[in-house]
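Okay, so here's the structure we're looking at.
The values are calculated or read from the model by the stated rules, or taken from the named source; none is laboratory data. For clarity, every value in this text was computed on a predicted model and none was experimentally measured. Here the Cβ positions follow ideal geometry from the backbone for every residue, glycine too, while neighbour counts run over all protein chains shown. Accessible surface is based on the protein model in full, side chains and every heavy atom, while ligands, DNA and RNA are left aside. Shrake-Rupley method; radii C 1.70, N 1.55, O 1.52, S 1.80 Å.
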Amino acid sequence: AAVAYRFSGIDGGSKNVNQSGRLLAGLKGTTGAWDWETALLLNRSERVETMKGMLYRPTIERIRSENRTLAQTAADPSAYRDVVNEGYAQVSQFDAKASRTLGQLLGGDIGLAFGGEIRQEKLSMTPDYQTQVGNIIGLANSLIDGSRMVKSAFVELRTPFTKNFEMDFAGRYDK
């Protein structure tokens with residue numbers, strides 16, 4: 001058996017505000033025998049979550065520590081509070097690649113291509129301070145603040161020996 005009490009008259013509900021921004025710029029061209037392309041990407045998403053009327057543990061525990069009644073506790077304006085959780089995800093990326101023809105085989109052009117990318121990823125989730133210290137009843141705490149740098153490079157060589165036989169050689173490095 002279980003007994004529950006619902007605090008009435010508390011403004012409840014939640015509101016999530018998500019905002020995203022993206023900037024992408026690139027250049028493409030030819031220099032001598034090389035065709036090249038490069039781009040810069042900046043992408044960020046932010047989230048603010050507001051939850052209203054969450055029960056505040058220090059006041060609720062006064063039922064036990066001060067022998068308060070439920071009615072006294074429910075009438076106390078400090079028995080509940082709004083919490084605000086914030087977070088974001090962000091990607092900053094630069095990439096470049098180039099290709100050219102090195103010569104001819106019976107099957108067509110010999111092609112060479114290489115390129116690379118540098119990308120920084122960031123992720124942050126910051127719960128309301130009262131949630132972090134365990135003062136909000138019914139909410140778990142997940143605090144995230146991290147980033148990583150990703151670097152990669154590639155090279156490819158296309159060798160069409162005949163119209164029916166072609167070999168491709170490729171290498172890739174990722175960190």
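Things to note:
- Long-range neighbours under 8 Å by Cβ, at least six apart or interchain, first residue more than 30 Å from Thr101 (Cβ to Cβ) and among the polar types (S, T, N, Q) within region 140-163, second open to solvent by 80 Å² or more (accessible area, probe 1.4 Å) and assigned to a strand (DSSP E or B): Ser147/Leu123
- Residues located in region 41-75, provided they are part of a helix (DSSP H, G or I), in contact with a helix residue (DSSP H, G or I) (Cβ under 9 Å, 6 or more places away or on another chain) and surrounded by fewer than 14 Cβ atoms within 10 Å (Cβ to Cβ): Pro58, Leu70, Gln72
- Yes/no for Thr38 being over 22 Å from the mean Cα position of the chain (by Cα) and farther than 19 Å from Ile136 by Cα: yes
- Annotation note: Cβ proximity below 6 Å between a residue of region 87-102 that is closer than 16 Å to Val150 by Cα and a residue that is open to solvent by less than 60 Å² (accessible area, probe 1.4 Å) and of a type in the set (D, E, K, R) (sequence gap 6+ or interchain) occurs for Val91/Glu121; Gln93/Arg119; Asp95/Glu117.
- For region 143-161, a residue qualifies if it is in a loop (DSSP other than H, G, I, E, B) and open to solvent by less than 60 Å² (accessible area, probe 1.4 Å), and exactly one does: Pro160.
- Flag if Ile110 is open to solvent by 40 Å² or more (accessible area, probe 1.4 Å), in contact (Cβ under 8 Å) with a residue 40 or more places away in the chain and touching a Leu at 6+ places or on another chain (Cβ under 6 Å): no
- Residue within region 19-35 that is under 30 Å from Tyr129 (Cβ atoms), open to solvent by 70 Å² or more (accessible area, probe 1.4 Å) and not basic (Lys, Arg) present: yes
- Evaluation of Tyr173 against (1) closer than 30 Å to Gly26 by Cα; (2) open to solvent by 60 Å² or more (accessible area, probe 1.4 Å); (3) in contact (Cβ under 8 Å) with a residue 24 or more places away in the chain; (4) in contact with a Ser or Thr (Cβ under 7 Å, 6 or more places away or on another chain) (one fails), failing number: (3)
- Selection status of Pro127, within 30 Å of Met51 (Cα to Cα) and surrounded by 15 or more Cβ atoms within 10 Å (Cβ to Cβ): yes
- Residue within region 51-61 that is over 24 Å from the mean Cα position of the chain (by Cα) and closer than 30 Å to Arg100 by Cβ present: no
- Residues of region 76-93 that are out of contact with any Gly (no Cβ under 9 Å at 6 or more places or on another chain) and in a strand (DSSP E or B): Val83, Val84, Asn85, Glu86, Gly87, Tyr88, Ala89, Gln90, Val91, Ser92, Gln93.
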